[in-house]
Amino acid sequence: MNTDDLVKIEQYRRFLRPDWRRWLPPDPERGLTREQREALRHDFMLRDLAFETPLARRLRKEQEAREREEQERLEAEHHREIEREALQLKAELAALRFELVWAEFCSKAGFNPDQPRVPAGNPDGGQWTDGASSADSTQDHEVQSDEISAARRTRGHHYVTRELFEKLKEEGLSDEALKVFEEHTTGPLADPSSNWYDAEHRLYNRAVEDLWKDFKERNNIQIDRMTADEARDFVREVVGSDDARIGGFLRRMWLREFIRRGMGGRRGNE
């Protein structure tokens with residue numbers, strides 16, 4: 001309602017009869033165009049406001065206040081929804097950027113979870129290999145308990161955790177599966193803090209154990225007969241896990257490695 005409307009209301013209040021509707025024709029809108037009908041209805045509304053009773057005025061203002069509050073609530077909710085969508089898009093974009101950086105880093109570093117490694121017990125244990133020479137050298141090697149702790153300190157992060165490894169070993173896991181779990185590591189890390197046994201690492205350990213239970217049940221694994229291929233399938237599930245406790249830990253570890261290497265660090269004697 002603008003100033004002109006307020007002026008008209010005051011004029012009608014002073015010079016118009018309160019029973020002004022008695023003098024209207026039966027169909028005042030007959031023969032009028034759409035614009036004329038809208039103008040006539042607006043004028044009638046101003047006349048009604050001119051002779052509005054105090055009670056009706058109060059009820060009208062309360063209704064208008066409720067309508068304003070509802071409109072403001074809807075606008076605020078719509079604004080919050082837009083902000084949530086914008087933040088979600090930013091998060092997805094940041095994740096995509098990180099995945100691109102990580103993929104580029106892994107490509108430059110030559111990282112491949114399935115790439116063969118020189119086995120434990122070898123002087124070059126844990127290093128990358130093309131598989132040609134290691135195939136001959138691994139035939140006569142088995143996983144030895146006195147080699148495990150030393151290998152873990154020099155070969156970086158094991159995707160299958162030490163706790164789970166030792167537990168499965170006690171339960172009689174096949175030697176070939178143990179060998180696969182022992183060999184699949186990140187390799188020596190430039191940033192030692194990436195593999196500290198902190199709260200994040202403990203969450204990772206629990207998540208890997210949960211994943212193992214699910215994997216074992218889904219694939220009907222008999223641990224004493226588990227094959228190397230089945231062991232490699234489990235390692236691949238760990239590396240590609242959607243569980244935030246696993247995927248988040250691995251992504252943070254490789255991001256720290258990327259930052260350390262960007263500052264001139266290198267991974268072991270790779």
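So here's what we get for this one:
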read-out: Between segment 1-55 and segment 199-231, the Cα center-to-center distance that results, in Å; value: 80 Å
read-out: Cα Rg, Dmax (largest Cα-Cα span) when computed across segment 1-91, Å; value: 20.5, 67
read-out: Alpha-carbon centroids, segment 236-252 and segment 65-102: separation in whole Å; value: 28 Å
read-out: Given charges at Cβ of Lys, Arg, Asp, Glu: segment 3-52 dipole, positive-most of Met45, Gly31, Ile9; value: Gly31
read-out: Check: segment 3-52 dipole with +1 on Lys, Arg Cβ and -1 on Asp, Glu Cβ, in debye; value: 220 debye
read-out: Thr227, Thr33, Thr161 arranged by Cβ crowding within 10 Å, fewest neighbours leading; value: Thr33, Thr227, Thr161
read-out: Within segment 1-66, GluC sites (Glu not before Pro) in DSSP loop having at most 16 other beta-carbon neighbours inside 10 Å; value: Glu29, Glu52
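FYI, it's all coordinate maths here, none of it is from the lab. No experiment lies behind these values; they were computed from the predicted model shown. Counting neighbours? That spans all protein chains shown, and the Cβs are built from the backbone with ideal geometry, glycine included.
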